[in-house]
Amino acid sequence: MRMVFRWFGEGNDTVSLDHIRQIPGVEGIVWSLHDIPAGEEWPMERIEEVRDQASAFGLHIDVVESVNVHEDIKLGLPSRDRYIANYIRTIEKLGQVGVKVICYNFMPIFDWARTDMFKAAPDGSTALFFEKSKIHGIDPMELVRTITQNSSLTMPGWEPERLAHLTSLFEAYRGVTEEDLWSNLEYFLNAVVPVAEKSGIRMAIHPDDPPWSIFGLPRIITSQENLRKFLSLYDSPANSLTLCSGSLGANPDNDIVSMIHEFHDRIPFAHIRNVRVFENGDFIETSHRTQDGTVDIAGIVQAYHETGFTGYARPDHGRHIWGEQCRPGYGLYDRALGIMYLWGLWDAYTRKSQDQASKLKEVVQ
Ligand code: CS2
Ligand code: MN
C-alpha cells in the first residue's frame, strides 16, 4: 500500500506540502489542475510546475484526481470527439512526466453530493452530511449554493462556470437513460484506454457518490454488479477502478470486502474512509475507525493486505476537528489520523502474516 494525500495546489489549499510530507508514510500528492475547465487540454508548463513543487518536498505526482470528463462526452453529443481528443493529449502529457494513475468519474452534472457541509457531531467536530429527504425537495441550484458558499477555495466537481448553466444542463439530460450513459462511457473507454496503455497509465473510475440517482439523473457506477459490467466494457489493466469505500459504503448493500477480493487486480487506487449510515438512509462522514461508522474499515484493509495490494491509497475525506478551518472534508488533522489508523491495521496484518509464515517454517523443519 503506497500512501498518498490529496493536495489542491498552491494558494488553493489550507494544507501545505511541508505539512503533508510530515505525515508518516506519505510519499506523494494526489493532484489536479483545478482551474482548467473540463474538456480543455492541460498545458505542459502547468503540469511540470506541480511536479517541481511536489519534488521540492520529496513527494511524487503519480496519481492525478481528476481529469474531469466534459459533459458532452457523458451526453454522447457529436462535439464529444473534440473533447476526447483533448483528453487524449492530456493523458499523453501526464504519461511523459511519469503519472501512473488518472482518477475520473462519469457522474452527470454533479460530482459528490451532500446536503450539509458542517454537520455537528456530539463530540463537537463537524463533517459532511447527506440527508436523503432533503435532496428530494430542493432545487438543484440550492444544492450548488450549499456546497460552494462556505469556501473561497475551489470545490472539486463543483466549478461555478459549468454550474451556471444548470438549467440547460438538465435540459440536455432529459431522456438520457442509464443505458445511454453506459454506451457513452464505452465510447469514451474505447478512445482513451489504448492511449493510457501506451502512456503507462491506468485510468481508474471513481464510483458515484452517493451511489444512486439524484435529481432523476442516471448514475451507473454504484454497485458490485455494475463495477463488474464496467470492467468488462474494456478488458485491460488500464481500464480500472478507484475503489472508494465511503462512496460505495453509503449504500449498506454494497459489500466492499467482496469487491476487493473480486476486482483486486483492477484496483490501482484505493480511497479508504468510513461513513455512518442511519436507518432512514441519511449518512455522515466519520473518523476512519471501524467502530465509528458502518463501513468495515478493518475488514477492507485486511482484504487489501490479503490480496497483496501494491497500489496507491488515500484517506479520502476527514471530519473537521480541533477547530481547523479548511476546505470541507479536506482538513489536515483527521485525514492524518486516518492514515495512522490505516497504517496501524496494515502493519498489524503484516506482522500477523510474518508470524504465521515463521510458525509454518518451524513446523516444516
Ligand atoms: C471524492 C470525490 O466523493 C469522494 O469520495 O473522492 O470527490 C472524487 O474526488 C471525485 O469524484 C473523483 O472524480
Ligand atoms: Mn472517494
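No value in this document is a laboratory result; all are computed from the given coordinates. As the structure is a prediction and not an experimental result, all values here were calculated from the model. Note that we place each Cβ from the backbone using ideal geometry, even for glycine, and neighbour counts take in every protein chain shown.
Pairs, please: C-beta under 6 Å, at least 6 apart or cross-chain, first residue surrounded by 22 or more Cβ atoms within 10 Å (Cβ to Cβ) and in region 289-316, second polar (S, T, N, Q)?
Gly293/Asn274; Gly293/Thr286; Val295/Ser245; Val295/Asn274; Ile297/Asn274; Ile297/Thr290; Ile300/Ser245
Residues that are without any contact (Cβ under 8 Å) to a residue 12 or more places away in the chain: find the helices (runs of 4 or more DSSP H) completely inside region 97-175 holding 1 or more of those.
132-137, 140-148, 166-173
Might you check whether a residue that is over 23 Å from Lys198 (Cβ atoms), exposed (fewer than 14 other Cβ atoms within 10 Å of the Cβ) and within 16 Å of ligand 1 (Cβ to nearest atom) occurs anywhere in region 36-54?
Yes, because at least one residue in region 36-54 is over 23 Å from Lys198 (Cβ atoms), exposed (fewer than 14 other Cβ atoms within 10 Å of the Cβ) and within 16 Å of ligand 1 (Cβ to nearest atom).
Out of the residues in region 78-93 that are in contact (Cβ under 8 Å) with a residue 60 or more places away in the chain and of a type outside the set (Asp, Glu), which is surrounded by the most Cβ atoms within 10 Å (Cβ to Cβ)?
It comes out as Tyr87.
Is one or more of the residues making up region 137-155 within 16 Å of ligand 1 (Cβ to nearest atom), touching a His at 6+ places or on another chain (Cβ under 7 Å) and farther than 30 Å from Glu279 by Cβ?
So far as region 137-155 goes, yes, one or more of its residues are within 16 Å of ligand 1 (Cβ to nearest atom), touching a His at 6+ places or on another chain (Cβ under 7 Å) and farther than 30 Å from Glu279 by Cβ.
Scan region 211-223 and tell me whether some residue there is buried (at least 17 other Cβ atoms within 10 Å of the Cβ), away from ligand 1 (no atom under 15 Å from the Cβ), part of a loop (DSSP other than H, G, I, E, B) and without any contact (Cβ under 8 Å) to a residue 60 or more places away in the chain.
The answer is yes; a qualifying residue exists.
Could you identify the single residue in Ile284, Ile339 that is within 28 Å of Lys134 (Cα to Cα), aliphatic (A, V, I, L, M) and out of contact with any Ser or Thr (no Cβ under 8 Å at 6 or more places or on another chain)?
Ile284
For every residue, the table says whether it meets (1) within 21 Å of Leu33 (Cα to Cα); (2) within 16 Å of ligand 1 (Cβ to nearest atom); (3) of a type in the set (Val, Ile, Thr).
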residue	(1), (2), (3)
Ala120	no, no, no
Phe129	no, yes, no
Lys198	no, no, no
Ile201	yes, yes, yes
Lys229	no, no, no
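For region 261-283, give me the residue count where each residue is over 16 Å from Thr310 (Cα atoms) and buried (at least 23 other Cβ atoms within 10 Å of the Cβ).
The number of residues fulfilling the criteria is 4.
Among the residues of region 270-286 satisfying the criterion of being in contact (Cβ under 8 Å) with a residue 40 or more places away in the chain and more than 16 Å from ligand 2 (Cβ to nearest atom), which is farthest from Ser353 (Cα to Cα)?
Asn280
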